[in-house]
Amino acid sequence: MGHNMAASNIPDIETERLILRGPTEADLPDWVACIWGDAEVMRYMPRSTDAPEVRAKAVLAGFTNAREQRQIGAWVITDKADGRFMGHCMLRYREALNDHELGYALGKEFWGKGYATETARAVARYGFEQANLERIFGVVIPENIPSARVLDHLGFVYEKDDVLYDLPVAFYGLRHEQFIPGDAYYRLIESL
C-alpha cells in the first residue's frame, strides 16, 4: 500500500494534446526506440557508454524513485489521442546546484510541432503552482537551438555558459513571479 500512496502524490498532467504520466516497465521498448537508441536524439543528451536498454532501465528506476520520494516530478510524454509514447520530462532537485532543473526529451518524429513547449510549460506550471518553487533552471547544449527556443517561449532568461554532466551547456532560469502560465489547457489527473 505504501508504494502506491507515495507514487500517487505526483499526478498525471493533461495538456491540449498530451498526457504526462508515470513510466512503467511496459514503456521500456518504446523509450529505447524513441530516445536512448536514437543517435540523433542522443546528440543533445548527456553522454554514456551504457547500451540503450541499460540506460532506459536506469532512467525508469530513477524516475520511479523520484516519484516515490515525491521529488517534484518525472513523467513520460504520451499522445492524448492514441497513447503513443513520445518522450520524457522531469523536474528534479539538483543538490550540487541547490536548484530545480526542468528537462525534456522527445523522439525526433515529434520535433518541430510545439510538443516540447507544451510539455515544458505544463511542467513549469506544475513546479510553480503545485510545488511552490521559487525558481526553475534549464540547460541546453549550445547547438540545440530548438530547445533553447522552448525555454525562451516560456520566459526563461539566459544566465551563463557552464559545464554540467561533462557537457558544455547554456544555463537558463525562470523565477516564479516571471512565469506566465497563459491559457494553455492544463489539468492535473489525480491517480486513485
> For the stretch 122-144, which residues satisfy the criterion of being in contact with a Gly (Cβ under 7 Å, 6 or more places away or on another chain) and more than 22 Å from V163 (Cα to Cα)?
Replying inline: V123, Y126, L133
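Can you pull out every residue in the stretch 51-84 that is in contact with a helix residue (DSSP H, G or I) (Cβ under 7 Å, 6 or more places away or on another chain), of a type outside the set (G, A, S) and more than 23 Å from K113 (Cβ to Cβ)?
At the first step, the residues of the stretch 51-84 found to be in contact with a helix residue (DSSP H, G or I) (Cβ under 7 Å, 6 or more places away or on another chain) are 52-53, 55-57, 60, 67-68, 70, 72-74, 76-77.
Cutting the leftovers down to of a type outside the set (G, A, S) gives us 52-53, 55, 57, 60, 67-68, 70, 72, 76-77.
Correct list: P52, E53, R55, K57, L60, R67, E68, R70, I72.
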>> Quick check on the stretch 136-143. Is at least one of its residues under 15 Å from Y104 (Cα atoms), over 14 Å from the mean Cα position of the chain (by Cα) and not aromatic (F, W, Y)?
In response: yes
> Quick check: is even one residue across the stretch 121-133 in a strand (DSSP E or B), in contact with a strand residue (DSSP E or B) (Cβ under 7 Å, 6 or more places away or on another chain) and surrounded by 14 or more Cβ atoms within 10 Å (Cβ to Cβ)?
Replying inline: no
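Across the stretch 37-77, what is the total count of residues that are under 13 Å from D27 (Cβ atoms) and in contact (Cβ under 8 Å) with a residue 40 or more places away in the chain?
Restricting attention to the stretch 37-77, the residues satisfying the condition of being under 13 Å from D27 (Cβ atoms) are 53, 56-57, 59-61, 63-64, 74-77.
After this cut, where a residue has to be in contact (Cβ under 8 Å) with a residue 40 or more places away in the chain as well, the list is 63-64, 74-77.
So the answer is 6.
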> Restricting attention to the stretch 160-187, which residues are hydroxyl-bearing (S, T, Y), under 23 Å from E16 (Cα atoms) and either part of a strand (DSSP E or B) or at pLDDT below 90 (or both)?
Replying inline: Y186
> G62 is checked against (1) under 23 Å from I189 (Cβ atoms); (2) of a type outside the set (D, E); (3) in contact with a Gly (Cβ under 6 Å, 6 or more places away or on another chain) and fails just one. What number does that condition carry?
Replying inline: (3)
>> If I filter the stretch 61-90 down to residues being over 13 Å from the mean Cα position of the chain (by Cα) and within 18 Å of D38 (Cα to Cα), which single residue comes out as surrounded by the most Cβ atoms within 10 Å (Cβ to Cβ)?
In response: F85
> Does L102 satisfy being of a type outside the set (K, R), under 19 Å from L167 (Cα atoms) and at pLDDT 95 or above?
Replying inline: yes
>> I need every pair where a residue in the stretch 165-186 that is within 10 Å of V139 (Cβ to Cβ) has its Cβ under 6 Å from the Cβ of a residue that is of a type in the set (S, T, N, Q) and surrounded by 12 or more Cβ atoms within 10 Å (Cβ to Cβ), sequence separation at least 6 or different chains.
In response: none
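How many residues are in a helix (DSSP H, G or I) and touching a strand residue (DSSP E or B) at 6+ places or on another chain (Cβ under 7 Å) when one looks only at the stretch 134-153? Write out each step before concluding.
From the stretch 134-153, those in a helix (DSSP H, G or I) are 145-153; that's our starting set.
Subsequent filtering for residues that are touching a strand residue (DSSP E or B) at 6+ places or on another chain (Cβ under 7 Å) retains 147-148, 151.
Total satisfying the criteria: 3.
The values are calculated or read from the model by the stated rules, or taken from the named source; none is laboratory data. Small disclaimer: the values here were computed from a predicted structure and weren't measured. Using ideal geometry, Cβ is built from the backbone for each residue, glycine included, and neighbour counts are taken over all protein chains shown.
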